[in-house]
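Encoded as structure tokens, the structure appears first; notes follow it.
The values are calculated or read from the model by the stated rules, or taken from the named source; none is laboratory data. All values reported here derive from a predicted model rather than from experimental measurement. Note that we place each Cβ from the backbone using ideal geometry, even for glycine, and neighbour counts take in every protein chain shown. For the accessible areas, the whole protein counts, side chains as well, though only heavy atoms, and no ligand, DNA or RNA atoms are used. Shrake-Rupley method; radii C 1.70, N 1.55, O 1.52, S 1.80 Å.
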Amino acid sequence: GHTLHRSTVDMATAAQGASAALRDQQDVAQGELIVTAPVAFGSTWLVPRLGEFVTQNPEMRVDLRLDDGESYDLLKLEAECAIRLWAADKADLIQRKLATVATNLYASPEYIKAHGMPRTPRDLDNHRIIAYGAIDSPITAMSFAERVGRDDAGPRKAALTVNNVPAMLRAVEAGLG
């Protein structure tokens, strides 16, 4: 009985492996795809484009994980695809540049009326800066206003630091900086 059980377990494992190999060789993508991306990028750019992907791949189920702080380990298969605004820190991962993301300075009309329009990077020394996360955040481009024009000096002190891009937008709209 023990030998028969071990043989059937081995056969079941082999059958599952063969089935997975055949699925992988099909022309039609199928199964679950776990994708991670930063919240703002994923919700404003990626989500509107998923319709075309899902239409072209009806057998796929997408598990989209939007998070600015969580880091999924692709090498441990915690996700199959990670879209990041920074380079991967693991040399074993395949990286492809998908796009260039521009950064700009924003302020509400009320803030500009009360504090004036900055004309040069040095003018930012007299303005309230809203920064993304910590100074060592992987999304350093989101907090470039702390550093622009400060090559020989330390970064400006942020009036508000927040780890979420939509919250940064709401802070700007509220006239916080």
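Go through THR55, THR13 for me and flag whichever is over 30 Å from ILE129 (Cα atoms), modelled with pLDDT under 75 and among the hydroxyl-bearing types (Ser, Thr, Tyr). Write out each step before concluding.
Values: THR55 fails: modelled with pLDDT under 75.
Only one candidate qualifies: THR13.
Could you list, in sequence order, the residues of the stretch 96-122 that are in a helix (DSSP H, G or I) and either touching a Cys at 6+ places or on another chain (Cβ under 7 Å) or open to solvent by 70 Å² or more (accessible area, probe 1.4 Å) (or both)?
Those that are in a helix (DSSP H, G or I) and either touching a Cys at 6+ places or on another chain (Cβ under 7 Å) or open to solvent by 70 Å² or more (accessible area, probe 1.4 Å) (or both): PRO109, GLU110, LYS113, ALA114, HIS115, ARG122.
Anything in the stretch 81-102 that is at pLDDT below 75, over 27 Å from ALA145 (Cα atoms) and within 14 Å of the chain's Cα centre (by Cα)? List them, or say none.
Within the stretch 81-102, no residue meets the criteria.
Can you find a residue in the stretch 162-177 that is acidic (Asp, Glu), open to solvent by 50 Å² or more (accessible area, probe 1.4 Å), within 20 Å of LEU46 (Cβ to Cβ) and touching a residue at least 40 places away in the same chain (Cβ under 8 Å)?
Filtering the stretch 162-177 down to residues acidic (Asp, Glu) leaves 173.
Going one step further and asking which of them are open to solvent by 50 Å² or more (accessible area, probe 1.4 Å), we end up with 173.
Cutting the leftovers down to within 20 Å of LEU46 (Cβ to Cβ) gives us none.
No, the stretch 162-177 contains no residue that is acidic (Asp, Glu), open to solvent by 50 Å² or more (accessible area, probe 1.4 Å), within 20 Å of LEU46 (Cβ to Cβ) and touching a residue at least 40 places away in the same chain (Cβ under 8 Å).
Any idea which of LEU64, LEU93, LEU85 is open to solvent by less than 80 Å² (accessible area, probe 1.4 Å), free of Cβ contacts under 8 Å to residues at least 60 places away in the same chain and not in a loop (DSSP other than H, G, I, E, B)?
After applying the criteria, what remains is LEU64.
Tell me, yes or no, whether the stretch 61-75 has at least one residue that is modelled with pLDDT of 90 or more, more than 22 Å from VAL101 (Cα to Cα) and among the charged types (D, E, K, R).
yes
From the list ARG128, ARG156, which one is open to solvent by less than 60 Å² (accessible area, probe 1.4 Å), modelled with pLDDT of 85 or more and part of a loop (DSSP other than H, G, I, E, B)?
Numbers: ARG128 fails: open to solvent by less than 60 Å² (accessible area, probe 1.4 Å).
Only one candidate passes the filter, namely ARG156.
Tally the residues that are among the aliphatic types (A, V, I, L, M) and without any contact (Cβ under 8 Å) to a residue 12 or more places away in the chain, restricting the search to the stretch 96-128.
Total satisfying the criteria: 4.
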